[in-house]
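Undergrad: Take a look at this one; I'll ask things after.
The values are calculated or read from the model by the stated rules, or taken from the named source; none is laboratory data. Being a predicted model, the structure only gives us computed values, none of them experimental. Positions of Cβ are backbone-derived with ideal geometry, glycine not excepted, and every protein chain shown enters the neighbour counts.
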Amino acid sequence: MPIVADVKPGYLAPQLPSEAPNEGQPWEDIQQDIEKVILPGLTHWQHPGFMAFFPSNVSYPGILGELYSSVYSAPAFNWICSPAITELETVMMDWVAQMIGLPECFLSKTEGGGVIQGTASEAIVTVMVAARERALSRHTLKYADGKVREDAKDALRGRLVALGSEQAHSSTQKGAIIAGTKMRTLPVLREDAYAIRGSTLRLTLQQCRDENLVPYYLTVSLGTTGTCAIDNFEEIVDVLREWPDVWVHVDAAYAGSALCCPEFQHHTKCFPSFDSFDFNMHKWMLTNFDLRYAMRQY
């Protein structure tokens, strides 16, 4: 089959009923619809000739895992809804953290631990909201009166600003919109392999302070989508010693899987100074598409 669908926008609706049918169809008819109507409109990411974005992401064990998940279909909102699901997720996340060489502070036996998110973008917006609330809390601790403190938080929200590289995924910018905060982009240079440098970060932070803004969050990348750039973690850690209230999130959505290889695990040596981490196991690790991995230190 062709890798990319040869259809025009709106091709599907004319081939389907205008209303949901009252009666079900035989499986033979459903299968024919899938082959004649659905398959021609799919981009076949598992095709051996597919060379875009990232490698194929399905394996037979992954399909079996999806099968079991679909069969039991247990909503796991919290532990009591399905204890085995919550505990299996926790144990497996620790396995993965150890496999990719994350520091011990990201394991569940400490104050850290991981969860499965729907997308890396979802992981980023989640930690941005957490970062926003941490910043609001820390910057208003001096107010004992509850009403005064809430008023101070309201006044501070409009000054909060999130930071991210020009090469960072657009989810950082979208996350700032959802979190209701400003966004400031850090420039990067080709001669620096498109990495955030400490000098650039220091200058941007100072500019924010001069404009009476409060930086509260920074996305650093381990493998940007566009160029696989890796930010200069050591320089970033050095600069942020003077900015302890900035939440640092490592977005390793694209290249985080490479940390399975010991020769790349030196990239994690600065991670104890960062707050959270995500990567996509469906890229390179042969798991089905909707598995993303997010870790928090605390």
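Undergrad: Please find, among SER170, SER199, the residue that is of a type in the set (S, T, N, Q) and either modelled with pLDDT under 95 or surrounded by 17 or more Cβ atoms within 10 Å (Cβ to Cβ) (or both).
TA: SER170
Undergrad: May I ask you to verify whether ILE236 is β-branched (Val, Ile, Thr), touching a residue at least 12 places away in the same chain (Cβ under 8 Å) and buried (at least 23 other Cβ atoms within 10 Å of the Cβ)?
TA: Yes: the conditions hold for ILE236.
Undergrad: Can you name the condition, by its number, that TYR143 falls short on among (1) closer than 21 Å to LEU213 by Cβ; (2) buried (at least 16 other Cβ atoms within 10 Å of the Cβ); (3) not charged (D, E, K, R)?
TA: It fails just one condition, (2).
Undergrad: Answer with yes or no whether GLY49 is out of contact with any Phe, Trp or Tyr (no Cβ under 6 Å at 6 or more places or on another chain), at pLDDT 95 or above and loosely packed, with under 13 Cβ neighbours inside 10 Å.
TA: Criteria not met by GLY49.
Undergrad: Would you say GLU19 is out of contact with any strand residue (DSSP E or B) (no Cβ under 7 Å at 6 or more places or on another chain), modelled with pLDDT of 90 or more, over 30 Å from ALA258 (Cα atoms) and in a helix (DSSP H, G or I)?
TA: Spelling it out, it is not the case that GLU19 is out of contact with any strand residue (DSSP E or B) (no Cβ under 7 Å at 6 or more places or on another chain), modelled with pLDDT of 90 or more, over 30 Å from ALA258 (Cα atoms) and in a helix (DSSP H, G or I).
Undergrad: Output yes when any residue across the range 59-77 is in contact (Cβ under 8 Å) with a residue 60 or more places away in the chain and part of a loop (DSSP other than H, G, I, E, B), and no when none is.
TA: Yes, there is a match, as at least one residue in the range 59-77 is in contact (Cβ under 8 Å) with a residue 60 or more places away in the chain and part of a loop (DSSP other than H, G, I, E, B).
Undergrad: Any residue in the range 120-148 that is closer than 28 Å to SER170 by Cβ sitting within a Cβ distance under 7 Å of a residue that is β-branched (Val, Ile, Thr) and part of a loop (DSSP other than H, G, I, E, B)? List the pairs, counting only those 6 or more apart or interchain.
TA: ARG132/THR181
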